[in-house]
1. Sum up the charges of everything whose Cβ sits under 11 Å from the Cβ of LEU64, counting Lys and Arg as +1 and Asp and Glu as -1, but leave LEU64 out.
2. Taking the Cβ of ASP74 as the center, what net charge do the other residues with Cβ under 14 Å away carry, scoring Lys and Arg +1 and Asp and Glu -1?
3. Subtracting the Cα-Cα distance from 0.36 nm times the residue separation, let me have the gained length for THR15 to LYS85 in nm, one decimal.
4. Which percent of Cα pairs goes in each bin when the distances of the range 16-87 are cut into 5 angstrom slices starting at zero?
5. From the backbone phi of the range 17-22, what are the Karplus-calculated ³J(HN,Hα) couplings (6.51 cos²θ - 1.76 cosθ + 1.60, θ = phi - 60°) in whole Hz, Gly and Pro given as x?
Amino acid sequence: MNAPDPRLIWDDTDTPAVMARRLWSQVLLAAIEDALHPATAMRPSQGQSIAWFRSRDFAEVCSLAGLDAQAVLDRLRPHLIKAEKETSK
């Protein structure tokens, strides 16, 4: 996995709400990484990862990250479709 985005690292001036949104943003980024890249022993299967984006959990994580789930899904959809096709080969 790539190094975390420096903008997502906490600092002493962050409020608890900002820290929580950053944490959930990292959860979302990890899920995207799992879905778009081949599974490793420590990760769920790519198919399971892609399916997660159709779950209530995905919508909840987006909400907790302060993001609109539909907007995130709209942006990711072409990449998820491509990854799903590659998985089914």
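Just so you know, all these numbers are worked out from the coordinates, no wet-lab data involved. Predicted model, so just to flag it, every value in this text is computed and none were measured. All Cβ positions, glycine included, derive from the backbone under ideal geometry; neighbour counts span all protein chains shown.
1. Details: positive: ARG21, ARG22; negative: ASP57, GLU60.
Around LEU64, the charge tally is 0.
2. On the way: positive: ARG54, ARG75, ARG77; negative: ASP68.
Neighbourhood net charge equals +2.
3. Working: separation 70, 0.36 × 70 = 25.20 nm, distance 4.14 nm.
Using 0.36 nm per residue and subtracting the Cα-Cα distance, I get 21.1 nm.
4. All Cα pairs, binned at 5 Å, distribute as 3, 18, 27, 24, 16, 8, 3, 1 percent.
5. Per residue, the Karplus-derived 3J(HN,Hα) values read 5, 5, 4, 5, 4, 5 Hz.
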